[in-house]
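Read the figures in this text as sums done on the coordinates, not as results from a lab. It should be emphasised that the depicted structure is a prediction, and the values quoted were computed from it without experimental measurement. Backbone-built Cβ (ideal geometry, glycine too); neighbour counts: all protein chains shown.
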Amino acid sequence: MLKQRTLRKVVRTVGIGLHSGRKVHLTLRPADPDTGIVYTRVDCNPPVVMPAEATRVNDTRMATTLNEGDVKISTIEHLMSAFNGLGIDNCFVDVDAPEIPIMDGSGASFVFLIQAAGIVEQQAPKRFVRVLKTVRVTDGDKWAQLEPHEGFSLAFSINFGHPAIDSTLQFTEVDLSKVDYAHAVSRARTFGFVQDVDMLRSIGLIQGGSLENAVVLDEYKVLNPEGLRGEDEFVKHKILDAMGDLYVLGHPLLARYSAHKSGHGLNNQLLRALLADSSAWEWASFEKAEAPKDFSLERVLAL
């Protein structure tokens, strides 16, 4: 059977919260089969536990945020994207602040952290959510949808009306049976606009934002002296975010995701719409020889 996976050992790192600006200590710990991805605010007394679940996401302003009452953990999407891309089913995530550290604004640091811990198989079948019919959500000209597909692929298009973004690729598609997450997706950084900084900081967001952890643009150009990591970095980061947003489902998807101008909020609405229609999905597990190529253990361990 295709088995669930967790980390081989405990790993730790320290970084800055993008929105809080606070130093954050992050610990990833192995977890038993069928645990899922479980977050804990260890700075609370007693610690507050929050399993990653679609219905626990109640704040999607500039990030995907879990909450338990008044206690929250935000900016989980880049770490969740790495878990999704590397096939991690079970892990405890301990954090001593209301946010996951932003690191360099991409998923690459989390890929490195997971690789440093190592990946092990567990004696339980990996459980997928197989999409059986198209589910679509819209918000004006923005939309996102899931379609049946025996694998996992994502397509995204953007339209920001900004000269520096418009000069890059506006559409990209990632088929994880053909490319590797770590190299094809994980290095794309989050991005933002100088003209929005004062407004966002006035409502308590991006207190820790800088050229070290985001691609920053003025009205005409990219301000980072090193430039972009590729001509598709803007749209590719939207793929990275979507992979994280979708993984709060708690299980990997067998589906084709496609979207135009979607964000954290619409992605979460899409998951809720899927879960609300019991005819739109089913559970699936595989013998290893029968599994879609993009979910083979060999692909994940070949990073």
Quiz item: How far, in nm, would the chain grow between residue 138 and residue 3 when pulled straight, counting 0.36 nm per residue and subtracting the alpha carbon separation?
Solution: 45.1 nm
Quiz item: Given the C-alpha centroids of region 105-119 and region 28-56, what is the distance between them in whole angstrom?
Solution: 19 Å
Self-check item: Zone residues, region 128-161, relative to residue 290, backbone N less than 19 Å from point 7 Å out along Cα-to-Cβ
Solution: 128-132, 149-152
Quiz item: Rounded to the nearest 5, what % of the DSSP beta bridges within the chain are antiparallel ones?
Solution: 70 percent
Quiz item: Rg/Rh for the chain: what does it come to with C-alpha atoms and Rh from Kirkwood?
Solution: 0.94
Quiz item: Between residue 44 and residue 212, what is the label-to-label distance in nm when each label sits 7 Å out along the Cα-to-Cβ direction?
Solution: 2.9 nm
Quiz prompt | Residue-by-residue Karplus 3J(HN,Hα) for region 18-24, coefficients 6.51, -1.76, 1.60, Hz, glycine and proline x | solution = 4, 8, 7, x, 8, 5, 10
Quiz item: How large is ³J(HN,Hα) for each residue in region 187-195, as worked out from phi by the Karplus curve 6.51 cos²θ - 1.76 cosθ + 1.60 (θ = phi - 60°), to whole Hz, x for Gly and Pro?
Solution: 8, 6, 8, 5, 9, x, 10, 3, 5
Self-check item: region 1-69 - Debye-derived log10 I(q)/I(0), Cα point model, q = 0.14, 0.17, 0.18 Å⁻¹
Solution: -0.56, -0.83, -0.92
Quiz prompt | residue 179 versus residue 22: modelled label distance in nm, points set 7 Å from Cα along the beta carbon direction | solution = 3.6 nm
Exercise. Using amide H atoms built 1.01 Å from N in the peptide plane, name the residues 5+ places from residue 3, or on other chains, whose amide H lies under 5 Å from its own.
Key: 126
Quiz item: Please state the relative contact order of region 141-201 as a whole percent: Cα pairs under 8 Å, 6+ residues apart?
Solution: 29 percent
Quiz item: ³J(HN,Hα) across region 34-41 via Karplus (A = 6.51, B = -1.76, C = 1.60, θ = phi - 60°), whole Hz, x for Gly/Pro?
Solution: 6, 7, x, 9, 10, 9, 9, 7
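When you have a sec, figure out the Kirkwood radius of region 1-135 from all distinct Cα pair distances and drop it here in Å to one decimal?
15.3 Å
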Quiz item: Under the rule of -39500 (n - 2.57) per DSSP H run of 4 or more residues, summed and divided by the residues of the chain, what mean residue ellipticity at 222 nm is obtained, to the nearest 500 deg cm²/dmol?
Solution: -6000 deg cm²/dmol
